[in-house]
Amino acid sequence: MVFKRYVEVGRVVLVNYGPDAGKLATIIDIVDQNKCLIDGPANLTGVNRQVISYGRIVLTDLTVKVCRNARQKTLSAAWAEADIQAKWESSSWAKKLVAKQKRATLSDFDRFKVMVAKKQRSAIIAKKMKELK
């Protein structure tokens, strides 16, 4: 198995635990083998500069070209230049997260309507498949 995502300065990560869960951030510095320094930038993602454990983040395929311990202004400019937010929103990973969150907020009646729609769709597909045979 070949690794493609490395912990490196400029790697965009997804925070998966804590108050910033579900938000994107950028690795700014590597503290030790268990922790790194991340920054949102806060004006774009809402994640403030903080030291976080590797267990609380997930590495993405996206990287930003920044130097070690870059200022927030420099990081914001690099994010804008690399168009990270748009790349993330167009990725299948982000789309799955949005769909998952949307499903989680459905009410009981909404789930019922989805079930009825799926039944209607499968009935139409079955009817068309029967016609083709």
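Cross-link partners for LYS118 among the aspartates and glutamates, with Cα-Cα distance under 16 Å and sequence neighbours closer than 8 places in the same chain left out: ASP108, ASP110.
For the chain, the Cβ-based charge dipole about the Cα centre amounts to some 1000 debye (Lys, Arg positive; Asp, Glu negative; other atoms uncharged).
Here is how the number arises for the chain: DSSP H runs of 4 or more residues each give -39500 (n - 2.57), the sum is divided by the residue count, and the result at 222 nm is -14000 deg cm²/dmol.
Taking each full run of DSSP H in the chain as one helix, which ones are at least 27 Å long along their axis (Cα atoms) and have mean Kyte-Doolittle hydropathy of at least -0.5? Those that clear 27 Å and a mean of -0.5 are 108-132. Normalised by 2.2 N^0.38 Å, where N counts its residues, the alpha-carbon radius of gyration of the chain equals 1.45. A dipole drawn for the chain from +1 and -1 charges on Cβ atoms has a positive end, and of LEU37, ILE52, ALA99 the residue lying farthest that way is ALA99. The residue list TRP79, VAL66, ILE125 was ranked by how far each Cα lies along the charge dipole of the chain toward its positive end, using unit charges on Cβ atoms, and ILE125 comes out on top.
Near ILE84, once Lys and Arg are set to +1 and Asp and Glu to -1 for all other residues with Cβ below 14 Å from its Cβ, the sum equals -1.
Relative contact order, whole percent, for the chain stands at 18, derived from Cα pairs under 8 Å and 6 or more residues apart.
Rounded to the nearest whole Hz, the Karplus-based 3J(HN,Hα) values (6.51 cos²θ - 1.76 cosθ + 1.60, θ = phi - 60°) of the range 49-54 follow the sequence 5, 7, 8, 9, 6, 5, with x at glycine and proline.
Under the convention that each Lys and Arg Cβ holds +1 and each Asp and Glu Cβ holds -1, the size of the dipole of the range 88-129 around its Cα centre is about 240 debye.
Every number here is computed from the coordinates shown, using simple stated rules; none is lab data. Predicted model only: the values in this text are computed from it and were never measured. Virtual Cβ from ideal backbone geometry, glycine too; neighbours counted across all protein chains shown.
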